[in-house]
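The values are calculated or read from the model by the stated rules, or taken from the named source; none is laboratory data. Note that the structure is a prediction, hence the values are computed from the model and not measured. Note that each Cβ is placed from the backbone with ideal geometry, even for glycine, and that neighbours are counted across all protein chains shown. Surface accessibility is based on the protein's heavy atoms, side chains included, excluding ligands, DNA and RNA. Shrake-Rupley method; radii C 1.70, N 1.55, O 1.52, S 1.80 Å.
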Amino acid sequence: VFTHNSAYGGGAIMCYGSEATITNNVIVDNSADGYGGGVVAWYADCTIANNVIARNSALAGGGIMNWMSVSTIRNNTIVANRPSAMLLEGTRHFGWEGATVVQNNIIWHNEIRVAEEVTDGEYEIRYNDVQGGWDGTGNLDVDPLFADAGNDDYHLKSQAGRWDSGAVAWVADEVTSPCIDAGNPTTGYSKEPRPNGQRINLGAYGGTDRASKSP
């Protein structure tokens, strides 16, 4: 858990010139006076996956800032960061090849901002649930139906069962999140408990043994 940290850039984590994997973290209530209240990828080829990134703030890029980096940003739950969920800056100034992949994320109560200098092909934004919508294959704009966002429980509701950390048990809901089985169909799902619909869930718990079950 990274919380109540501050910096000029990268309030919780700065990934600089690195191939780090940043995964399975709760990154909440951090701040930056400049950029990247939660996480910054700068001259990096890092993976940011399966994290809850919520209520971080900065002058630019409240949740994540990606700059001059070809990162992989997947299966995160990115909620209520200010002024944006992520700021996606140019990636190719120094000869980086390929695209930064942004997929299987839930981006709610905040938005994606792409810098004006970004050109076609620098980012692949697909199979995400983005409040307000986003063009691209598989992207949704639907209420993710979190279990209890007010208490930072971002598991997805499911009639077949979701993990309740407080009860330390699987519980059934009256509704099922549309983010279940909504991820990229080419992404591995084998760690999800059965029944899993043979397709990965969106969000921080997608692809893990705490993924909500498929009805």
Can you find a residue that is assigned to a strand (DSSP E or B), open to solvent by 50 Å² or more (accessible area, probe 1.4 Å) and under 25 Å from ILE27 (Cα atoms) anywhere in the range 171-185?
no
Sole miss for ASN51 among (1) in contact with a strand residue (DSSP E or B) (Cβ under 8 Å, 6 or more places away or on another chain); (2) surrounded by fewer than 24 Cβ atoms within 10 Å (Cβ to Cβ) is condition (2)
If only one of VAL102, VAL118 is under 23 Å from ASN196 (Cα atoms), of a type in the set (Val, Ile, Thr) and open to solvent by less than 40 Å² (accessible area, probe 1.4 Å), which one is it?
VAL102
Enumeration of residues in the range 132-150 that are open to solvent by 70 Å² or more (accessible area, probe 1.4 Å) and closer than 22 Å to ASP29 by Cβ
GLY150
Output the residues belonging to the range 62-88 that are assigned to a loop (DSSP other than H, G, I, E, B), farther than 30 Å from ASP181 by Cβ and at pLDDT 95 or above.
PRO83
Answer yes if at least one residue in the range 66-74 is within 18 Å of SER18 (Cβ to Cβ), open to solvent by 60 Å² or more (accessible area, probe 1.4 Å) and touching a strand residue (DSSP E or B) at 6+ places or on another chain (Cβ under 8 Å), and no otherwise.
yes
Being assigned to a loop (DSSP other than H, G, I, E, B), open to solvent by less than 30 Å² (accessible area, probe 1.4 Å) and in contact (Cβ under 8 Å) with a residue 24 or more places away in the chain, is that true of even one residue in the range 151-159?
yes
Cβ pairs under 7 Å, 6+ apart, first in the range 193-206 and at positive phi, second open to solvent by 20 Å² or more (accessible area, probe 1.4 Å) and in a loop (DSSP other than H, G, I, E, B)
GLY197/ASP181; GLN198/TYR189
